[in-house]
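> Sharing a structure, written as structure tokens. Questions coming.
The numbers here are math on the coordinates, done by the rules we state, and not lab data. Only a predicted model underlies this, so the values are computations on that prediction, with no experimental measurement involved. With ideal geometry, Cβ positions are generated from the backbone for all residues, glycine too; neighbour counts draw on all protein chains shown.
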Amino acid sequence: MPARILVTGATGKQGGATADALLKSGFRVRALVREPAKPAAQALAARGCELAPGDLDDSAALRQALAGVDGIFTYGVYSAQAAHEAGGGNVAGEVRQGSLLADLAAEAKIGHLVYGSVGSADRHTGVPHFDTKGEVERHLATLPLPATILRPVFFMQNWERQRASILQTGVLAQPLKPTTRHQQIAVQDIGAFAARVFAAPERWIGRAIDLAGDALTMEETVAAMSRVSGRPIRYVQMPWPDFETRLGRESTLMFRFFDETGFHADPAALRAEVPSALTLEAYLRAAGWDR
């Protein structure tokens, strides 16, 4: 029988992309879902996923979900707001949840855990919801559990939050310098890479891999948006105080990191493993920015 992989957060972007990639690669997928009757969970079932009710704070439900699985794909939260909502209203909840699942996976002698961390989580960035993933990574290293760490960078899908505004006003406003080279990845490429990792565990166990599909300056980013949309779009550098007023302290720390340090993934390395990995321009076309 094909290997069965438990995917947490399968109704989210990264978990859903990974569940889809695993199914396409011939794996069986069990999805941990809070409420199996909800439409998002039912959509997973319609795509071929087995549903396992529970959440990342419920040890009994997790033990049941882990029964009979060969591997696990789990990941942290990827926005400042979600980090504070996770597990009791603070980023420490993410460490607790990630560590609990890892402990139970080791107890159950799961053959392979793939953890979706974040780019530079090992570098003590000072961004709280990056550093929590570093803590989970360090906890994983203490366990007798075969594991692989994936560290994706900024999601191309994040631009969707601003799509209407960008296309209506012809302006992309961010606090980054126009020349800042900002690494990005499409979530479907994270899923595709994760499926490759599960397909060849002997190659990937014990490794941590930073993942990026493109690396563009802000000027290059708006140029891609202009080409795809057929509309002139210009970049405006927003003052940092204005950005913090709109999006809060933690998002500001994250964008300061983007501007002053940045990720250090190698897009060519991802493309060597996933030849179909999207550039930003290819992503925008696939996402319908030309309509």
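> Compute the separation of the alpha-carbon centres of the stretch 100-122 and the stretch 175-236 and state it in Å as a whole number.
So the two Cα centres are separated by 24 Å.
> Among rounded, prolate and oblate, which fits the stretch 90-134 when a ≥ b ≥ c are the square roots of the eigenvalues of its C-alpha gyration tensor, a/c under 1.5 means rounded, and a/b larger than b/c means prolate?
Since a/c reaches 1.5 but b/c is at least a/b, the shape of the stretch 90-134 is classed as oblate.
> Quick one: which of 4-10, 266-272, 279-285 comes out on top by average Cβ neighbours within 10 Å, and what's the full order, highest first?
Top of the packing list down: 4-10, 279-285, 266-272.
> Taking the chain as a Gaussian network, Cα atoms linked when under 10 Å apart, which of 97, 168, 42 shows the biggest mean-square fluctuation?
Taking springs between Cα atoms under 10 Å, the residue moving most is 168.
> Separate question: I'd like the distance between the alpha-carbon centres of the stretch 1-27 and the stretch 247-291, rounded to an integer number of Å.
Comparing the Cα centres of the stretch 1-27 and the stretch 247-291, I get a distance of 22 Å.
> While we're here: Give the aspartates and glutamates reachable from residue 24 as a straight Cα distance under 18 Å; neighbours fewer than 8 places away on the same chain don't count.
Here the aspartates and glutamates satisfying the reach criterion relative to residue 24 are 50, 70, 189, 273.
> Would you mind telling me the antiparallel percentage of the DSSP bridges in the chain, rounded to 5?
Looking only at bridges with both residues in the chain, the antiparallel portion is about 10 percent.
> For the chain, with a Gaussian network of springs between Cα atoms less than 10 Å apart, report the residue from 117, 276, 251 with the top mean-square fluctuation.
Of 117, 276, 251, the most mobile in the Gaussian network model is 276.
> What is the local net charge at residue 290, summed over the other residues whose Cβ is closer than 11 Å to its Cβ (Lys, Arg +1; Asp, Glu -1)?
Residues close to residue 290 contribute a combined charge of +3.
> Right, something else. Which entry in [x] 29; [y] 13; [z] 7 matches percent of Cα pairs over 37 Å apart derived from the coordinates of this structure?
[y]
> Excluding residue 51 itself, what net charge comes from residues whose Cβ is under 12 Å from its Cβ, given Lys and Arg +1 and Asp and Glu -1?
Net local charge, residue 51 excluded: +2.
> Which of 225, 238, 156 moves most in a GNM of the chain, Cα contacts under 10 Å?
Highest fluctuation of the listed residues: 238.
> Something else: Local charge sum around residue 104 (other residues, Cβ-Cβ under 14 Å, Lys/Arg +1, Asp/Glu -1)?
Every neighbour counted, the sum reads -2.
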